[in-house]
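The values are calculated or read from the model by the stated rules, or taken from the named source; none is laboratory data. No experiment lies behind these values; they were computed from the predicted model shown. All Cβ positions, even for glycine, are placed from backbone atoms using ideal geometry, and neighbour counts span all protein chains on display.
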Amino acid sequence: MPLYEFECIKCRKAVEDSLKQIQKKINKKTLSDLINKYDNIYRIEVIDLENEKVLAEYGKKHSNSFLDFYIDEGSKLVLFNSENYRFTDLIYDESDEKKIKCPFCKSKKFEKVFSSFAFTSDLSTDMPKPDLSNLPPSVRGRTMLTDYIEEKDRPKKNR
């Protein structure tokens, strides 16, 4: 019984289109229009990382699900409080895949995506670290990545 990951095309397009609009113009009206236009986006925040200030924000926090994107060569962070367009489902046989719907918008248009579970069978393997070289030096200097693995995530043989 394999676990597959899918992305809802409609929900993903809403976030991608919103991001394009935000890159053109960052203000409260733009964010307001986007939240009113798309049902799966509840709140948007745009943060200037170099000056550590909120440039624009609109909407009400709905859940703890946040999608984050960097724009303007990594100097601005856009946070979407929205339903995640990526979801997982157990597939027992081929007919199960025909019954899959996006848990949020109920759309049957989705794409199967690579799952991180498919590539890692043992937690003792070294996971790749994100490349921070494209971030501005002021942001990179405040970002710390460590090799610490929480107790709950350690393989049982190493506890």
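Per the conditions (1) at pLDDT 70 or above; (2) exposed (fewer than 10 other Cβ atoms within 10 Å of the Cβ); (3) more than 30 Å from residue 43 (Cα to Cα); (4) of a type in the set (Asp, Glu), the sole criterion not satisfied by residue 96 is (2). When restricted to residues that are at pLDDT 90 or above, in a strand (DSSP E or B), within 19 Å of residue 143 (Cα to Cα) and among the aliphatic types (A, V, I, L, M), the range 41-78 contains 6. For the range 44-69, name all the residues that are loosely packed, with under 15 Cβ neighbours inside 10 Å and of a type in the set (Ser, Thr, Tyr). Hits for the range 44-69 are 63, 65. Any residue at all in the range 112-122 that's of a type outside the set (Asp, Glu), at pLDDT 70 or above, within 30 Å of residue 39 (Cα to Cα) and not in a loop (DSSP other than H, G, I, E, B)? Taking every residue of the range 112-122 in turn, at least one turns out to be of a type outside the set (Asp, Glu), at pLDDT 70 or above, within 30 Å of residue 39 (Cα to Cα) and not in a loop (DSSP other than H, G, I, E, B). Consider the range 79-101 and keep the residues that are aromatic (Phe, Trp, Tyr) and in a strand (DSSP E or B). The one that is farthest from residue 64 (Cα to Cα) is 87.
Which numbered condition trips up residue 103, out of (1) in contact with a helix residue (DSSP H, G or I) (Cβ under 6 Å, 6 or more places away or on another chain); (2) modelled with pLDDT of 80 or more? So the condition that residue 103 fails would be (1).
Picking from residues in the range 71-104 that are of a type in the set (A, V, I, L, M, F, W, C) and under 19 Å from the mean Cα position of the chain (by Cα), the one that is farthest from residue 34 (Cα to Cα) is 87.
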